[in-house]
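For reference, the structure discussed in these notes is given below.
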Amino acid sequence: MRTRIVAGNWKMNTLPSEGVVLAKEINQYFKSKDKDAKIIICPPYTHLYEIANQIDQDNVELGAQNCSYEKSGAYTGEISADMLKNLGVKWVIIGHSERRSYYNESDEILFEKVQRVFESELNPIFCCGEVLEQRNNKNHFKVVKTQLENVVFKLNESELKKMIIAYEPVWAIGTGITASPGQAQEMHAFIRKTIAEKFGNNIAESIPLLYGGSCKPNNAKELFGQDDVDGGLIGGASLKANDFIEIVKA
C-alpha cells in the first residue's frame, strides 16, 4: 500500500506568530487521533525554526517551499538544503508551477535542486503539470512527460523511493477551478505508467502521487477516492486549520 499524504503549502501567507498558532492547532488535533495519512506542512522560511520546536514531527512533518540549487556561497537571499536540514525540515517542494513561471526555473535548475535535497538527506516533493493552453492544445501529457524525463528519469531507484510527485494542473491553482476526479485520475495514471515504463511497476507503484489544484473539503473525498491519487498538495485550504483537518480526514 502506498502512503497516503496530505501536504499543506502555505506559500507567502501568515506572519510567523500566526503560522505557529496554525501549526499547533493542526498538530494538537491529530496528536491523539488515529489517521490514515502522513501530514506535512510547508510554511514560509521565517516560520520554520519556531514551528519545528512546537510540533511533534512523528505526528506532523515539516517541509519547506523551496531551496537553492547551490550548496553554499555568495548567493544573497538564498537558502540551502543544509540550512533547512539543520532547522529540522524533512521535505522540500521543488518545481512548483509558481517557481517555474514567476522565477523562470528550468528543468535543469530543478534537477540540481533535487540533487541538493538528496545530498542533505531530505526528501523532495517534485511538482509537474501543464498550463491551460497546453491542455487545450492536447499537449498536457507531452508536457508532463518531458518534465518527468528531465528530472525524475535522471534519479536512481533508491532516490525515487524517497520522493513524492505532485501533479498540478496549473490552470486550477488559485483559480477556484478544479480538475475533475476523472481528469486527475487520468493524469495520475499516466504519470505512474510513464514511470513504470522507465523503472518498472514496483517502483511506479511505490511512489505517492498527490493532486494539487483547488482541493477543498467539499471535493477532497472524491479526488482522493481515485485509484492513483494518493493525497493532495493543498494551497489555500491549508491556511485554515479546520479546512486542512477536514481534507486530511477525507
Unique residue being crowded, with 22+ Cβ neighbours inside 10 Å, touching a helix residue (DSSP H, G or I) at 6+ places or on another chain (Cβ under 6 Å), of a type outside the set (Asp, Glu) and over 22 Å from Phe153 (Cβ atoms) when the list is Ala237, Ala184, Ala241: Ala184
In the stretch 226-250, the residues that are of a type in the set (S, T, N, Q) and over 24 Å from Gly182 (Cβ atoms): Ser238, Asn242
Some residue of the stretch 18-29 being closer than 28 Å to Ser206 by Cα, of a type in the set (Phe, Trp, Tyr) and surrounded by fewer than 22 Cβ atoms within 10 Å (Cβ to Cβ): no
Residue in the stretch 27-44 that is modelled with the lowest pLDDT, counting only those that are in contact with a Ser or Thr (Cβ under 9 Å, 6 or more places away or on another chain) and either assigned to a helix (DSSP H, G or I) or within 30 Å of Asp228 (Cβ to Cβ) (or both): Ala37
Within the stretch 101-113, tally of residues that are in contact with a strand residue (DSSP E or B) (Cβ under 8 Å, 6 or more places away or on another chain) and of a type in the set (D, E, K, R): 1
Residue count for the stretch 226-239, restricted to those that are in contact (Cβ under 8 Å) with a residue 60 or more places away in the chain and in a loop (DSSP other than H, G, I, E, B): 2
Members of the stretch 80-110 that are touching a Cys at 6+ places or on another chain (Cβ under 6 Å), assigned to a loop (DSSP other than H, G, I, E, B) and on the phi < 0 side of the Ramachandran plot: His96
Looking only at the stretch 24-52, and only at residues there that are farther than 19 Å from Ile234 by Cβ and among the small types (Gly, Ala, Ser), the one that is nearest to the chain's Cα centre (by Cα): Ala52
One residue from Ile51, Ile55 being assigned to a loop (DSSP other than H, G, I, E, B) and surrounded by 20 or more Cβ atoms within 10 Å (Cβ to Cβ): Ile55
Residue in the stretch 114-132 that is among the aliphatic types (A, V, I, L, M) and part of a strand (DSSP E or B) present: yes
Only listed residue being farther than 29 Å from Tyr49 by Cα and β-branched (Val, Ile, Thr), chosen from Val143, Val89: Val143
Selection count where residues are within 26 Å of Leu22 (Cα to Cα) and in a loop (DSSP other than H, G, I, E, B), scope the stretch 58-76: 6
Positions within the stretch 151-181 being exposed (fewer than 14 other Cβ atoms within 10 Å of the Cβ), outside any loop (DSSP other than H, G, I, E, B) and in contact (Cβ under 8 Å) with a residue 12 or more places away in the chain, in sequence order: Lys154, Glu157
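The values are calculated or read from the model by the stated rules, or taken from the named source; none is laboratory data. No experiment lies behind these values; they were computed from the predicted model shown. All Cβ positions, even for glycine, are placed from backbone atoms using ideal geometry, and neighbour counts span all protein chains on display.
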